[in-house]
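Beneath this line is the structure, given in structure tokens, with notes to follow.
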Amino acid sequence: MYKFNKNILVYLIFLLSGGVKAETINVVAPHWEDYTNIDGSGIYFELIKHVYSDELLSLDVTELPRAKNQFLHNKVDILIGVYKEELPQAYYSNWYLDTDAPVVAFYLQDNKSKINITLDFKNAYIAWMEGFNFEKLFEEKITPYIIKQRKTGFKLLIHKRIDYFIDYKDNITSEYLDLISFVTLIKGKKLYLAFQNNSKGIKLAEHYDKMMVKLRAEGKLELIFGKDYIPSGHKKFQLDIEQP
């Protein structure tokens, strides 16, 4: 827990001046190791705690489909880590959350076929994690094998039960590096926080934009992201409210 300090006091005044009482901020996120850990640690949670008051935050970590469902039913104020097109009805800050890793198709290295998205994927057995809409990446209709755990996808590949496992490049673990290769399907996209499209959500989004400017200027943003700071793109990002 963070000590009560000037930043929190300013935030409380910000809420009160806008006609919104200092109430709990309900945040939900899919479980991403090192980013949104179940114990409340991780890069994205640390960022949220620096932007808002830790005392006001209620964090929930769950599976992606359930996280989206909670947001759609207005049970949470913020959903961590979505593409804008996933939830067009949400309200978004100008400043994004992170730049996602490229989406790739993992395959066994003993697969000697030339990688051609249109031809190789047409009759292939393909799997990806529940909650992801990777079918949009293919020209032909894909009927994937949906799995709940990432390790299941890699095991299916190793045992030749599938031809491709679609996931993010950074998610391969060291034990599979010598066995599995990949082809890039799409370069990294911007991930956002989704805010409810109401007065509270809009104020939270505006505050996020202002605090991201402050955190970067103070060097805290770089400390939070660590080695992921440069890949995130935050160092070069320009925002209108940064200008005098």
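Ordering Y35, Y125 by the number of other Cβ atoms within 10 Å of each residue's own Cβ, fewest first, gives Y125, Y35.
Within a straight-line Cα-Cα reach of under 22 Å, K227 can be paired with the following lysines, leaving aside sequence neighbours fewer than 8 residues apart in one chain: K49, K169, K187, K189, K190, K214, K235, K236. Multiplying the residue separation of E33 and Y229 by 0.36 nm and subtracting their alpha-carbon distance yields 68.9 nm.
Sorting K155, K227 from the fewest to the most surrounding beta carbons within 10 angstrom yields K227, K155. Ordering T36, T62 by the number of other Cβ atoms within 10 Å of each residue's own Cβ, fewest first, gives T62, T36. Going by the alpha-carbon gyration tensor, a ≥ b ≥ c the square roots of its eigenvalues, is the range 145-185 rounded (a/c under 1.5) or, if a/c is not under 1.5, prolate (a/b greater than b/c) versus oblate? Rounded shape, in that the Cα axes give a/c under 1.5.
Taking every C-alpha pair closer than 8 Å and separated by at least 6 residues, the mean separation divided by the residue count of the range 103-186 gives a relative contact order of 51 percent. Summing charges over all other residues whose Cβ lies under 13 Å from the Cβ of Y91, with Lys and Arg as +1 and Asp and Glu as -1, gives 0.
Each value in this text was obtained by applying a stated rule to the coordinates, not by laboratory testing. Predicted, not measured: the structure shown is a model, and the values here were computed from it. Neighbour counts run over all protein chains shown; Cβ positions are idealised from the backbone, glycine included.
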